[in-house]
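Since every read-out is calculated from the coordinates, none of them should be taken as a lab result. For clarity, every value in this text was computed on a predicted model and none was experimentally measured. Please note: Cβ atoms are built from the backbone with ideal geometry, for glycine as well, and neighbour counts cover all protein chains shown.
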Amino acid sequence: MKLEIELGDPDGKKKRVVEFERKGDTCQVAIDGKPMNADAVQVSPNAVSVTLDGQSFEIHLTRSIDGKMKLQCGPHEFSAEVMDPRAWRGRKHGALEVEGRQEIVAPMPGKVVRILVTAGDAVEAGQGLLVVEAMKMQNEIRSPKNGKVERILAKEGQAVNAGEVLAWVE
């Protein structure tokens, strides 16, 4: 499988071509044509441990409303958009909204510094629900859908672990 991945960081955007080929229990990966030994294991609902040519990385993932992903690896933060070159690229369609009851989880370990909504509040997709501080950066956790805040499980000042459920949106 061949994918194009556009990575964005404060220095700009870079496009990478990533090719995957599964051979039995192993996966062969080439990034921009350079073959690499790779392995990946999901360590929590929003975290993946990746090994590339013997180097290990823990990557925390958060999907945004516009379909892009936010990746955090140590102090570095990137946005990523994955494109399948085989897919039709006519006009862009609006982002799909998730359906059903959604649990809102902490994308990384940190401390809840602000709660922006209360149980019973109506929220729109992309609206801020909580603010979690991690590594001296404040990250606003947003609603993945239009709906109603069912429960807030976190409290201001509470320390949270990656993947810990903070709230429910119905």
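Side notes on the structure shown:
- Packing here is the average count of other Cβ atoms within 10 Å per residue, and on that basis the peptides 105-116, 155-166, highest first, run 105-116, 155-166.
- Only Lys, Arg (+1) and Asp, Glu (-1) charged, at Cβ; the chain dipole about Cα centre in debye: 340 debye
- Modelled label positions at Phe57 and Met1, each set 7 Å beyond Cα in the direction of Cβ, lie 1.8 nm from each other.
- The gain in end-to-end length when the Val113 to Asn146 segment is fully stretched comes to 9.5 nm, 0.36 nm per residue minus the alpha carbon separation.
- The distance between label points at Met36 and His76 comes to 0.9 nm (points 7 Å beyond Cα on the Cα→Cβ vector).
- Rounded if a/c under 1.5, otherwise prolate or oblate - the stretch 95-170, Cα gyration tensor axes: prolate
- Length, then width, then depth: along the principal axes, the Cα atoms of the chain run 50, 39, 35 Å.
- Working note: Cα atoms of the stretch 2-83, range along each principal axis, descending, whole Å: 35, 27, 22.
- One chain, two ends: Lys13 and Val50. Fully extended at 0.36 nm per residue, the span grows by 11.1 nm beyond their Cα-Cα distance.
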